[in-house]
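*Asks:* Attaching a single structure in structure tokens format; questions to follow.
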Amino acid sequence: MNNFELYNPVNYVFGKGQIAKLSDLVTSKKILLTYGGGSIFRNGVYDQVKEALQNVEVIEFGGIEPNPRFETLMKAVEIIRKEKIDFILAVGGGSVIDGTKFISAAVQFEGDEADILRKRILFKDLDKVVPFGTVLTLPATGSEMNSGAVVTIEATHEKLTLGGSALFPKFSICDPTVIESLPKRQLQNGVVDAFTHVMEQYLTYSHDAILQDRIAEGILQTLIEIGPRVVENPTDYTLASNYMWSCTMALNGLISKGVPADWATHMIGHELTALYEIDHARTLAIIGPNLYKVMFESKKEKLAQYGKRVWNLTGSNDAIAHQAIEKTVDFFHTMGMKTKISENTEDNYEETANIIVKRFEERGWKGLGEKQEVTPEKVREIVEMSY
Ligand code: NZQ
Ligand code: ZN
């Protein structure tokens, strides 16, 4: 097993009725409440939050888009600077939480705030960020228990990451009943995003971190078991609670410890969102299986393990490895995904591979993936296979 440090300071508060605990968890007198397009007003989450924060001065900042925009978030940064706010409460899905991480990092940043994204600056100093907590409304990204975020610069259509150990939430309230109001499409997205998060950290090459593999396989099997059912029955608390916890566990850092990681599917997928605004999870369903095909030689041992343990396949290792990819595609289809770019956008997509390869080359991304073998040429092959 590789050496590792496990640092995760998030106070993870899970279960029914837990939003009321905000009254203890928020200790500031004046906070900024960040939210998205308004779903929190329609599903009762906002009311629960306000009820718990009766003694707190709350300034509200709404309108954080899915795939949050740098330009929008900078308006919240200005409010915090002007109003001298010292705590942010994010109420929403991955986009609101990610956006809040950016806001937290940008308030004291000196210089062009876009550099936080373009230069991938890491935030490690707690004195340089504004502390924040979250009330999760959409299980998918794991953002509630990790320190990463993804933000889009509207002006250039770039979707870029930020992060660092100072950007963990102080707390995250995760009440599984919030999923009752989620549209089917978002429930489907959550399952596929979490599934792919596990695959990025699991489907690499054989190593000796036995426990991490077993935990990863357990999350995958749980998502396969409950995914199709939770989409149909979001009011079933057993399904909702296991779904929410699986999504958090998929990307809270635990299964990545001591093992190699890939993340090339995400890096390519982010470009599809930046170019065509395809939902994040849907880009992963398009790219992931084709990446496994193009990188087959490098990943076949792990694909065979995945096929045997997660899908109970039998036969030769090579045959299992190939079948395991097909099983994954079938699962994504069951989860309502369309796995081709052409099925997900009306825009002209013929230049997609050229555009993405050019961007990666400009960023110096010569080799992504667990062995840095996903070269621009491989990226081209993967993207063209996805048309
Ligand atoms: O904006 P509102 O009105 O709240 O509506 C949202 C939005 O339209 C709606 N929604 C959320 N909770 C709801 C609800 N509707 C009804 N009931 C509820 N309880 O769902 C829509 C999508 O929300 P969004 O936050 O965009 O979805 P998600 O959580 O999937 O987040 C996606 C973003 O996270 C990034 C993605 O790139 C994308 O920008 N990611 C963040 C990661 C991280 N921080 O670790 C990792 C991921 O791989 C991912 O890249
Ligand atoms: Zn993701």
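The values are calculated or read from the model by the stated rules, or taken from the named source; none is laboratory data. None of these values were measured; they are calculated from a predicted model. Please note: Cβ atoms are built from the backbone with ideal geometry, for glycine as well, and neighbour counts cover all protein chains shown. Just so you know, the surface numbers come from the protein's heavy atoms only, side chains and all, with ligands and any DNA or RNA stripped out. Shrake-Rupley method; radii C 1.70, N 1.55, O 1.52, S 1.80 Å.
*Asks:* Kindly check whether there is at least one residue in the range 183-192 that is in the same structural domain as I224 (by TED's automatic domain parsing) and small (G, A, S).
*Replies:* yes
*Asks:* Take H280 and tell me if it is more than 13 Å from ligand 2 (Cβ to nearest atom) and open to solvent by 10 Å² or more (accessible area, probe 1.4 Å).
*Replies:* Numbers: more than 13 Å from ligand 2 (Cβ to nearest atom): no; open to solvent by 10 Å² or more (accessible area, probe 1.4 Å): yes.
In short, no.
*Asks:* Something else: Go through the residues of the range 112-126 one by one and say whether even a single one is touching a strand residue (DSSP E or B) at 6+ places or on another chain (Cβ under 7 Å), within 8 Å of ligand 1 (Cβ to nearest atom) and closer than 27 Å to I79 by Cα.
*Replies:* No.
*Asks:* Please count how many residues of the range 26-56 are under 16 Å from I80 (Cβ atoms) and hydrophobic (A, V, I, L, M, F, W, C).
*Replies:* The first filter runs over the range 26-56 and keeps only residues under 16 Å from I80 (Cβ atoms), leaving 26, 28-35, 56.
Cutting the leftovers down to hydrophobic (A, V, I, L, M, F, W, C) gives us 26, 31-33, 56.
Residues in the range 26-56 being under 16 Å from I80 (Cβ atoms) and hydrophobic (A, V, I, L, M, F, W, C): 5 in total.
*Asks:* Applying the selection to the range 256-265, what residues are within 14 Å of ligand 2 (Cβ to nearest atom) and either surrounded by fewer than 21 Cβ atoms within 10 Å (Cβ to Cβ) or without any contact (Cβ under 8 Å) to a residue 60 or more places away in the chain (or both)? Working first, answer last.
*Replies:* Within the range 256-265, the subset within 14 Å of ligand 2 (Cβ to nearest atom) is 256, 261-265.
Residues satisfying the conditions are S256, A261, W263.
*Asks:* Now for a different question. Might you let me know whether the range 74-94 holds any residue that is within 16 Å of ligand 2 (Cβ to nearest atom), assigned to a helix (DSSP H, G or I), under 22 Å from the mean Cα position of the chain (by Cα) and surrounded by 17 or more Cβ atoms within 10 Å (Cβ to Cβ)?
*Replies:* Among the residues of the range 74-94, at least one is within 16 Å of ligand 2 (Cβ to nearest atom), assigned to a helix (DSSP H, G or I), under 22 Å from the mean Cα position of the chain (by Cα) and surrounded by 17 or more Cβ atoms within 10 Å (Cβ to Cβ), which makes the answer yes.
*Asks:* Okay, moving on. Please go through the range 294-346 and give me each residue that is under 22 Å from G369 (Cα atoms) and acidic (D, E), ordered by number.
*Replies:* Answer for the range 294-346, where residues must be under 22 Å from G369 (Cα atoms) and acidic (D, E): E297, E301, D318, E326.
*Asks:* Being open to solvent by 30 Å² or more (accessible area, probe 1.4 Å) and over 13 Å from the mean Cα position of the chain (by Cα) is the filter here; which residues of the range 242-255 pass it?
*Replies:* N242, W245, L254, listed by residue number.
*Asks:* Given the conditions (1) within 14 Å of ligand 1 (Cβ to nearest atom); (2) farther than 19 Å from W263 by Cα; (3) polar (S, T, N, Q), report the number of the one that T156 does not fulfil.
*Replies:* With (1) within 14 Å of ligand 1 (Cβ to nearest atom); (2) farther than 19 Å from W263 by Cα; (3) polar (S, T, N, Q) applied to T156, the lone miss is (1).
*Asks:* Any residue that is in contact (Cβ under 8 Å) with a residue 60 or more places away in the chain and open to solvent by 20 Å² or more (accessible area, probe 1.4 Å) - is there at least one of those in the range 356-365?
*Replies:* yes
*Asks:* Now, a different point. Restricting attention to the range 108-139, which residues are within 16 Å of ligand 2 (Cβ to nearest atom) and out of contact with any Leu (no Cβ under 9 Å at 6 or more places or on another chain)? Explain how you work it out, then say what you get.
*Replies:* Looking only at the range 108-139, we keep the residues that are within 16 Å of ligand 2 (Cβ to nearest atom), and these are 136, 138-139.
Answer for the range 108-139, where residues must be within 16 Å of ligand 2 (Cβ to nearest atom) and out of contact with any Leu (no Cβ under 9 Å at 6 or more places or on another chain): just L136.
*Asks:* Then there's this: For the range 368-387, indicate whether the set of residues that are among the aromatic types (F, W, Y), in contact with a Ser or Thr (Cβ under 9 Å, 6 or more places away or on another chain) and without any contact (Cβ under 8 Å) to a residue 60 or more places away in the chain is non-empty.
*Replies:* Within the range 368-387 (the criterion being among the aromatic types (F, W, Y), in contact with a Ser or Thr (Cβ under 9 Å, 6 or more places away or on another chain) and without any contact (Cβ under 8 Å) to a residue 60 or more places away in the chain), the answer is yes, since at least one residue qualifies.
*Asks:* Just one of (1) open to solvent by less than 30 Å² (accessible area, probe 1.4 Å); (2) under 19 Å from the mean Cα position of the chain (by Cα) trips up A209, so point out which.
*Replies:* (2)
*Asks:* Now for a separate question. Test each condition in (1) open to solvent by 10 Å² or more (accessible area, probe 1.4 Å); (2) within 14 Å of ligand 2 (Cβ to nearest atom) for V192 and report the one that comes out false.
*Replies:* Failing condition for V192: (1).
*Asks:* In the range 24-61, how many residues are within 18 Å of S172 (Cα to Cα), in contact with a helix residue (DSSP H, G or I) (Cβ under 8 Å, 6 or more places away or on another chain) and loosely packed, with under 14 Cβ neighbours inside 10 Å?
*Replies:* 1
*Asks:* A follow-up question, please. Sort out which residues of the range 153-177 are over 24 Å from R120 (Cβ atoms) and open to solvent by 10 Å² or more (accessible area, probe 1.4 Å), and write them in order of number.
*Replies:* Scanning the range 153-177 gives a single hit, T177.
*Asks:* Find all pairs meeting these conditions: Cβ atoms under 6 angstrom apart; at least six residues apart or on different chains; first residue within the range 69-96 and at negative phi; second residue basic (K, R) and open to solvent by 20 Å² or more (accessible area, probe 1.4 Å).
*Replies:* Partner pairs satisfying both residue conditions: I85/K30.
*Asks:* Part of a helix (DSSP H, G or I) and in contact with a Phe, Trp or Tyr (Cβ under 6 Å, 6 or more places away or on another chain): is that true of L239 in this structure? Write out each step before concluding.
*Replies:* On the way: part of a helix (DSSP H, G or I): yes; in contact with a Phe, Trp or Tyr (Cβ under 6 Å, 6 or more places away or on another chain): no.
No; evaluated as a whole, the condition is false for this residue.
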